[in-house]
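I have placed the structure first, in the form of structure tokens, so that the comments after it can refer back to it.
The values are calculated or read from the model by the stated rules, or taken from the named source; none is laboratory data. Just so we're clear, the structure is a prediction, and the values are computed from it rather than from any experiment. When we count neighbours, we look across all protein chains shown, and the Cβ atoms used for this are built from the backbone with ideal geometry, even at glycine. The protein model used for the area step is the full one, side chains on, heavy atoms only, and it has no ligands, DNA or RNA in it. Shrake-Rupley method; radii C 1.70, N 1.55, O 1.52, S 1.80 Å.
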Amino acid sequence: MKHPSAQPGIPVSVSLDDISQSASTFTADGSKKRMFFIAGIAVLIAACVSVVAKLLIYLINLVTNLSFHHQFSFAASSPGDNSYGVFVVLVPVAGGVIVGLMALYGSKAIRGHGIPEAMEQILTNKSKIKPSITYLKPLSSAISIGTGGPFGAEGPIIATGGALGSTLGQLLRITHYERKVLLAAGATAGMSAIFGTPIAAIFLAIELLLFEFSPASIIPVALACITGSAGHHLLFESGPVFPMPAVSTPGNPALMAYSLVGVLMGLLSAGVTKIVYGIEDFFEHIPVHWMWWPAIGGVAVGVIGYFVPATLGVGYDNITAVLSGKMITGALLTLCIMKFISWSVALGSGTSGGTLAPLLTIGGAAGALIGWGILAYFPDSGVSIPLAALTGMAAMFAGASRALLTSIMFAIEATDEANALLPLLAACVASYIISYFLMENTIMTEKIARRGIRTPHAYHPDVLEKLSVEHVLTPHQAMLNASSTLEEVRHWLNSTREEHHNYYIVVNDNGFFKGIISFSSLMNLQHPPGVHVGSIIRRKPFSIELTDTLKTAAVIMAKSNLDVLPVTNGNNIVIGILTYKDILSAYHQHSEEHEPSVSISVKRRTLKALLKRRKRIP
């Protein structure tokens, strides 16, 4: 049986009468099996990262003992308990020199606190991180922290885990998207292994690394975080990382007070971010090679460490002390100010370190101070100093990073205080709002934003992912018959008033899809007029079905340099043609609900650039 309009010399025209029949021809493409394959690799990476996290802690302890106590020991020790006196200043300087040399002769990528660098590779380099980072980052960070650097171990292990996931992703034959998932899985597994906070780690991946939420990404990341948490319970001490006194559910006056803590933390986080990058700008103008900057920053770390030893090193014990609610206001104020100065100068100098632990320390101390101030004027407010410190700690991180959900869940998981959920929600949301209105970028994104890299800040559903081909396919489109001669087709093209397409769909008399041919090939005078259209087809026969999404169609068009695609049913019969204009129209109609301020012309130009390359293939 011939196709209804398949006549030689006349383009074939079809309708959508068999939509319902074609819609049932969808078959799975194995993507779910692929997802579980990636998930298995993510779990393997997480297991390795858990061991690396423990080794990093051992390495930090070893460097600390060698630098401050002249002992070859892997046991935990405080760099503040040293006998150097004023000469303690030289220890962070020596560590800065070593880190500078490693950055110069190893990789400059070890500088910084890890997460912005990982974000940059995800956004600009197809999630490719140099394999050398997997050992240079933890080694340089152990030297930096072990010689008194005021950083936590979480930043280096997040960077190391991400580098391990990226490296394995480069060795395997996987897509860029799958490599991004492995990078995020390795990074967040590292956080989960250090703190035992798998839910917070999952939120970290969503808010700062993946910039999306889908089964293909969240399942591997979640399994990796669970594995990292299991590694934490196996290799580290059980119980919460930051134990604190039990707190009760606060009343409304106390909730108002914790909201005020969040507002003040939002203001403080904006100031902290601006000062950190102001110091970084200052180092950029120093007439000294950047290799020496960590050593210069080490001078500030050493001087402050001499007067306030508690500012040296990781300082997780400082966080526990602040959360206990027993530190006096003078000690809190000293720790807050001096830790901030030491950390901001060291980080601005470009040494290898992290941001989470210092922000928690500064925010916790500031929150406790605000709590004491509220009690001084409102003794019946019901404010708890430990809870004020916890809300300040989480709100500082929420404001500085704008990782709202990560901040809330981290505080709950790290302290095992579920009753703190409502105060944390109030404080972190307040800090987030203040930060959003005061800062264009965050402490995580400012650096890469200065390089012209824009990070997503909203997670709207993909318009093209929501719509299927069936929703936009027009009922009639012109196609060419494979048995028609070039002379007949050229005559029709010259006589028709319809707009010429760059490419045309070719079918046989029965409507079966034969291939795609370009307009330039049809008009090429090197082909004899009597040759049949079907004999000069050179394009690979790409096609889609009614149940495919418009995103799938757009990707195929972009990769194959086409502006039309045939829509076929299960029997390979063409039932319609999808053009880039159909996709543009659908995008315009359905995206206005999320982007009312974007002009139609901008939308059209953006999507047209993606779908239609103007270079025609003869």
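Does any residue of region 98-112 turn out to be under 25 Å from Ser166 (Cβ atoms), in a loop (DSSP other than H, G, I, E, B) and of a type outside the set (S, T, N, Q)?
Checked region 98-112: at least one residue is under 25 Å from Ser166 (Cβ atoms), in a loop (DSSP other than H, G, I, E, B) and of a type outside the set (S, T, N, Q).
Conditions (1) free of Cβ contacts under 8 Å to residues at least 12 places away in the same chain; (2) acidic (Asp, Glu); (3) over 19 Å from Ile304 (Cα atoms); (4) surrounded by 24 or more Cβ atoms within 10 Å (Cβ to Cβ), marked per residue:
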residue: Gly315; (1), (2), (3), (4): no, no, no, yes
residue: Ala331; (1), (2), (3), (4): yes, no, no, no
residue: Met338; (1), (2), (3), (4): no, no, no, no
residue: Pro358; (1), (2), (3), (4): no, no, no, yes
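Counting just the residues of region 277-291 that are at pLDDT 90 or above and in contact with a helix residue (DSSP H, G or I) (Cβ under 6 Å, 6 or more places away or on another chain), which one comes out nearest to Arg402 (Cα to Cα)?
In this case the residue turns out to be Ile279.
What is the residue count in region 188-221 for residues that are among the hydroxyl-bearing types (Ser, Thr, Tyr) and either open to solvent by 30 Å² or more (accessible area, probe 1.4 Å) or more than 25 Å from Lys32 (Cα to Cα) (or both)? Reasoning before the result, please.
Initially, region 188-221 is screened for residues among the hydroxyl-bearing types (Ser, Thr, Tyr), giving 188, 192, 197, 214, 217.
Of the ones still in play, those that are also either open to solvent by 30 Å² or more (accessible area, probe 1.4 Å) or more than 25 Å from Lys32 (Cα to Cα) (or both) are 192, 197.
Residues that pass the stated criteria total 2.
What residue, of Ser601, Ser585, Ser543, Ser535, is polar (S, T, N, Q) and modelled with pLDDT under 75? Spell out the reasoning first.
Working: Ser585 fails: modelled with pLDDT under 75; Ser543 fails: modelled with pLDDT under 75; Ser535 fails: modelled with pLDDT under 75.
Testing whether each residue is polar (S, T, N, Q) and modelled with pLDDT under 75 leaves just Ser601.
Hey, Val241 hits all of (1) more than 30 Å from Lys54 (Cβ to Cβ); (2) among the aliphatic types (A, V, I, L, M); (3) open to solvent by 30 Å² or more (accessible area, probe 1.4 Å); (4) part of a loop (DSSP other than H, G, I, E, B) but one; which does it fall short on?
(1)
Kindly check whether there is at least one residue in region 556-563 that is surrounded by fewer than 20 Cβ atoms within 10 Å (Cβ to Cβ) and free of Cβ contacts under 8 Å to residues at least 12 places away in the same chain.
yes
State yes or no: is Ile443 in contact with a Leu (Cβ under 6 Å, 6 or more places away or on another chain), open to solvent by less than 40 Å² (accessible area, probe 1.4 Å) and either of a type in the set (A, V, I, L, M) or under 28 Å from Ala246 (Cβ atoms) (or both)?
Values: in contact with a Leu (Cβ under 6 Å, 6 or more places away or on another chain): no; open to solvent by less than 40 Å² (accessible area, probe 1.4 Å): yes; either of a type in the set (A, V, I, L, M) or under 28 Å from Ala246 (Cβ atoms) (or both): yes.
In short, no.
Taking the residues in region 570-582 that are in contact with a helix residue (DSSP H, G or I) (Cβ under 7 Å, 6 or more places away or on another chain) and open to solvent by 10 Å² or more (accessible area, probe 1.4 Å) as candidates, determine which candidate is nearest to Lys514 (Cα to Cα). Explain how you work it out, then say what you get.
Taking region 570-582 first, the residues in contact with a helix residue (DSSP H, G or I) (Cβ under 7 Å, 6 or more places away or on another chain) are 570, 575, 578, 580, 582.
Checking the rest, the ones that are also open to solvent by 10 Å² or more (accessible area, probe 1.4 Å) come to 570, 580, 582.
On the way: Gly570: 15, Tyr580: 21, Asp582: 22 Å.
If we take residues in region 570-582 being in contact with a helix residue (DSSP H, G or I) (Cβ under 7 Å, 6 or more places away or on another chain) and open to solvent by 10 Å² or more (accessible area, probe 1.4 Å), then Gly570 is nearest to Lys514 (Cα to Cα).
Within region 331-418, considering only helices (runs of 4 or more DSSP H) that don't extend past its boundaries, which have at least 1 residues that are modelled with pLDDT under 90?
Working: elements: 356-377, 385-401, 404-415.
Counting at least 1 such residues, we get 356-377.
Consider only pairs whose beta carbons are under 9 Å apart and that are at least six residues apart or on different chains; among these, list those whose first residue lies in region 202-217 and is more than 13 Å from Gly190 (Cβ to Cβ) and touching a residue at least 12 places away in the same chain (Cβ under 8 Å) and whose second residue is of a type in the set (Asp, Glu) and buried (at least 21 other Cβ atoms within 10 Å of the Cβ).
If the second residue must be of a type in the set (Asp, Glu) and buried (at least 21 other Cβ atoms within 10 Å of the Cβ), the pairs left are Ala216/Glu178.
Name the residues in region 560-575 that are under 37 Å from the mean Cα position of the chain (by Cα), of a type in the set (S, T, N, Q) and in a loop (DSSP other than H, G, I, E, B), would you?
Asn561
Only one residue in Ser381, Ser342 is hydroxyl-bearing (Ser, Thr, Tyr) and farther than 29 Å from Ile98 by Cβ. Which one? Working first, answer last.
Numbers: Ser342 fails: farther than 29 Å from Ile98 by Cβ.
Answer to the selection: Ser381.
State all residues of region 58-77 that are open to solvent by less than 40 Å² (accessible area, probe 1.4 Å) and either closer than 18 Å to Gly353 by Cβ or touching a helix residue (DSSP H, G or I) at 6+ places or on another chain (Cβ under 7 Å) (or both); if no residue qualifies, say none. Give the derivation first.
To start, the set of residues in region 58-77 that are open to solvent by less than 40 Å² (accessible area, probe 1.4 Å) comprises 60-65, 67-68, 73.
Passing the criteria: Ile60, Asn61, Leu62, Val63, Thr64, Ser67, Phe68, Ser73.
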